[in-house]
Every structure is written in C-alpha cells, then in structure tokens.
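These notes concern the structure reproduced below.
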Amino acid sequence: MKLQETLLNTAETKNGHEKEEIESIGDEHVSTSKETPLRSDAFDLTDEEKIQKIEHHFTEIMKTMGMDLNDDSLKGTPHRVAKMYIKEIFEGLNPENKPLIKLFENKYKYGEMLVEKNITVNSHCEHHFVPITGKAHVAYISNGHVIGLSKINRIVRYYSKRPQVQERLTEQIAEALKNILKTEDVAVVIDAHHMCVSMRGIEDKDCSTITSHFSGDFKKNDTLRNEFLRYTS
C-alpha cells in the first residue's frame, strides 16, 4: 500500500512539474527550434482531409464548451475555422505555398541598401494560437542580383502564415532572403503586438516586441546598421 501511495504521489508530482513547464514555456514565449516543428507525416493528408479532421475536432471543442451548434450562427463555425486554418492563416506550413522568387541581374549597379519597411505581419503565437500583428522592416545589399519588391512582402507573408514565435519568424525571413539573393548582407527587424500578452495573462495592451537579425555588412558596420535603423524608425 505504501509503495502504491509513493508511486501515485511521484506521478502526481511529475505531472505537476510537467504542467508548470508547459505553462512556463507558453508564458515566457520560449522558442525551441529555428525550424518550424513539423512531424515527418505532416503532409500525408490532403488539405481537404485535414479540414475534415479539424472540423470534427472543433465541433467537439464547441460542444464541450456548451455551445449549441444547432444555432444558425454557430452550425457552420467548425467548418469555417478548419478551412481558415488550412487555407488561410496557417497556409505557410505547406511548402507548396512558398512563393516563387525570380532573380534579376542588378543592371543599375545599385550598391546601396534596399529597404522595404512597414511590411504587414499577421501571424499566430504557437503557444496559444492567437494573433501576432505588426510590421517588418527588411533590407539587403545586392550581390549582383535583385528581386521584385513585392517578393519581399511575399516572403514575410509566407513565414508569418504558420504558428510562430517572433524570434523564429525573424530568422526564417532573414535566412530565406540570404539563400535567395546569395548574400549575407541582410537586415530584418520586426515590431509586433502579441495577443497572448494583451488579451490573456498579464493583459498588457500597449507593449510590443521587437526582434532583429543583422548579418554581413549590417552586422560588421555600425554606420550601415544605424542608417538602416534610422530609415525604419
């Protein structure tokens, strides 16, 4: 009997610690990987199959909450949410939706930084699945090639359209640009509001989070980096 009680208490203590760790990771906005955590079978199901599964499970969530799905306003909600998840707000999980980027020769021989500022960021916190909204400021110095201006926005949008942490989002945008442009001279700054801070927990509606990535000359050259920050402030 004492052994059973000891094992039970040990299990309860372990479960308690695990729950505390889960809460801590969410509240402290901890990122565990530079890559988006995906299972190896993430794309075994088609989009329509995923929508059907999510619709089923969201129906059960709403029923558990006591919602009446016979109501005209609610009966279509599980399907709308499922479709929104797969086709809209999390479409960046699917590599098939990655934007096609065409490189052009830098015929103008433009050698200064190119800055695209105030790019809209609409993402979702992976800890609570609530919105992250803000602006991204991006710059690069051509290494002989350029891309269309709207392609920078599309890169930001693609990596934003998935459950995210802001630090990872910043790094993913920067790495994508470096790989596409074949240059290390890239700068990314994101200034965003997190609904997981403003609408729950501490409920601070006025604060924002700023993250940055500087590489190549932007990291080595203080004058260049400050010039970029001056343009985007």
Exercise. Go through (1) of a type outside the set (S, T, N, Q); (2) in contact with a helix residue (DSSP H, G or I) (Cβ under 7 Å, 6 or more places away or on another chain); (3) not in a strand (DSSP E or B) and name the single condition Leu45 misses.
Key: (2)
Quiz item: Which is farther than 21 Å from Cys196 by Cα and within 21 Å of the chain's Cα centre (by Cα), of Asn153, Asn122, Asn106, Asn143?
Solution: Asn153
Quiz item: Is it true that Ile152 is among the aliphatic types (A, V, I, L, M), touching an Asp or Glu at 6+ places or on another chain (Cβ under 6 Å) and surrounded by fewer than 16 Cβ atoms within 10 Å (Cβ to Cβ)?
Solution: no
Exercise. Could you list, in sequence order, all residues of the stretch 68-106 that are aliphatic (A, V, I, L, M), surrounded by fewer than 15 Cβ atoms within 10 Å (Cβ to Cβ) and without any contact (Cβ under 8 Å) to a residue 40 or more places away in the chain?
Key: Leu69, Leu74, Met84, Leu100
Exercise. Evaluate the following for Glu49: is it over 30 Å from Ser233 (Cβ atoms), exposed (fewer than 14 other Cβ atoms within 10 Å of the Cβ), modelled with pLDDT of 95 or more and not assigned by TED's automatic domain parsing to the domain that holds Tyr140?
Key: yes
Quiz prompt | Residue within the stretch 124-136 that is of a type in the set (A, V, I, L, M), surrounded by fewer than 14 Cβ atoms within 10 Å (Cβ to Cβ), more than 22 Å from Phe218 (Cα to Cα) and at pLDDT 95 or above present | solution = no
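The values are calculated or read from the model by the stated rules, or taken from the named source; none is laboratory data. None of these values were measured; they are calculated from a predicted model. Quick reminder, even Gly has a Cβ in these numbers, built from the backbone with ideal geometry, and neighbours come from all protein chains shown.
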